[in-house]
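All of the numbers you see were taken from the coordinates with simple rules; none came from a lab. Because the structure is a prediction, the values reported are computed rather than measured. Neighbour counts run over all protein chains shown; Cβ positions are idealised from the backbone, glycine included.
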Amino acid sequence: MAHEGRIALVTGGMGGLGEAICMKLAALGQTVVTTYSPGNSKAGEWLSSMKSGGYAFRAYPCNVADFDSAAECVRQVVADVGPIDVLVNNAGITRDMTFKKMDKASWDAVMQTNLDSCFNMSKQVCDAMVDRGWGRIVNISSVNGQKGAFGQTNYSAAKAGMHGFSKALALEVARKGVTVNTISPGYIGTKMVMAIPKDVLDSKIIPQIPMGRLGKPEEVAGLVAYLCSEEAAFLTGANIAINGGQHMQ
């Protein structure tokens, strides 16, 4: 897939889906850099555990919801490692509650971390990708951005917005060798999903999935790897569902 020598930046790479994406891209020969929340006290521990597993990642603190923090993070990465060829906007949070109970802070936090971050991070790398004539931006959305979810007006709005962003930016850079795509995973067996009570998973969620199981982080990471490859050069502005058949369009 000709990944060797590329530099990839994965936001929110220290857990679940992000970790699997980091490992997959590194296994294919990319130099992988990830971001972590400035308040994350376990970043060093994660890097050490990855190193003992054979993965030499670099990690930088970054509040992806803040434009200046994103700019400083990317400036540091480019200075230390080199120009970024691949950006995976993976960082995200949930603040679930019904709209009736939702406060402005819960709305703002999700919109800023999940949607504003796409602008904040992509803005730092896109022009340089265009100048070099090659780049890949992959935005990690959600099945709930496609179909909606009870108690997730903030999350569903932000995740749907990510794909609108992808389509418009894809049009602007299509002739420049840069692709921009969205992936919308369904329920994947990450720590966040596994924290859902087992009776809820077994009675409410898995019965909605025709395949009868949760997805694996590695399955999503494989799709990310394809979108970041040379072979995916003609694929842009797409939203690819990977949800076990839970929602089809």
- Note on the structure: Across the alpha-carbon set of segment 42-99, Rg over Rh with Rh taken as the Kirkwood radius works out to 1.06
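Quickly estimate the mean residue ellipticity at 222 nm for the chain, helices only: each DSSP H run with n ≥ 4 gives -39500 (n - 2.57), and the total goes over all residues, rounded to 500.
-12500 deg cm²/dmol
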- Note on the structure: Under the Karplus relation with 6.51, -1.76 and 1.60 and θ = phi - 60°, whole-Hz ³J(HN,Hα) for segment 72-78, x at Gly and Pro, equal 5, 4, 5, 4, 5, 4, 4
- Query: If contacts are Cα pairs under 8 angstrom and at least 6 residues apart, what is the relative contact order of segment 2-142 in percent?
  - Reply: 26 percent
- Query: What is the sum of charges around Glu4, taking Lys and Arg as +1, Asp and Glu as -1, for the other residues whose C-beta is under 15 Å from the C-beta of Glu4?
  - Reply: 0
- Query: If contacts are Cα pairs under 8 angstrom and at least 6 residues apart, what is the relative contact order of the chain in percent?
  - Reply: 21 percent
- Message: If I model a spin label as a point 7 Å beyond the Cα along the Cα-Cβ vector, how far apart are those points for Met211 and Asn40 in nm?
- Response: 2.5 nm
- Query: Taking Lys159 as the anchor, which aspartates and glutamates have their alpha carbon closer than 19 Å to its alpha carbon, excluding any fewer than eight residues away along the same chain?
  - Reply: Asp66, Asp96, Asp103, Asp108, Asp116
- Task: Would you work out if segment 70-125 is rounded, prolate or oblate? Take a ≥ b ≥ c from the square roots of the eigenvalues of the alpha-carbon gyration tensor; rounded if a/c is under 1.5, else prolate when a/b is larger than b/c, oblate otherwise.
- Result: prolate
- Over 19 Å, how big is the tail of the calculated P(r) for segment 79-172, in percent of all Cα pairs? 44 percent
- Please give the per residue volume of the convex hull enclosing the alpha carbon atoms of segment 1-130, rounded to a whole number of Å³. 120 Å³
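How high is the FRET efficiency from Ala168 to Asp80, r the C-beta distance, R0 25 Å, rounded to 0.05?
0.20
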- Taking the alpha carbon gyration tensor of segment 106-161, what are the square roots of 5 times its eigenvalues, largest first, to the nearest whole Å? 27, 13, 5
- Query: What base-10 log of the normalised intensity I(q)/I(0) is obtained for the chain from the Debye formula, alpha carbons as equal point scatterers, at q = 0.14, 0.17 Å⁻¹?
  - Reply: -0.92, -1.37
- Message: Taking the Cα centroid of segment 24-60 and of segment 213-249, what is the distance between the two, rounded to the nearest whole Å?
- Response: 22 Å
- Message: If you fit an axis through the alpha-carbon atoms of helix 217-227 and take the longest principal axis of the Cα set of the chain, what angle between them do you get, 0 to 90°, nearest 10?
- Response: 40 degrees
- What's the longest piece of the chain with no exposed trypsin sites (Lys or Arg not before Pro), counting a site as exposed if DSSP puts it in a loop and it has at most 15 other beta carbons within 10 Å? 102-212
- If you rank Ile21, Ile7 by fewest surrounding Cβ atoms within 10 Å, what's the result? Ile7, Ile21
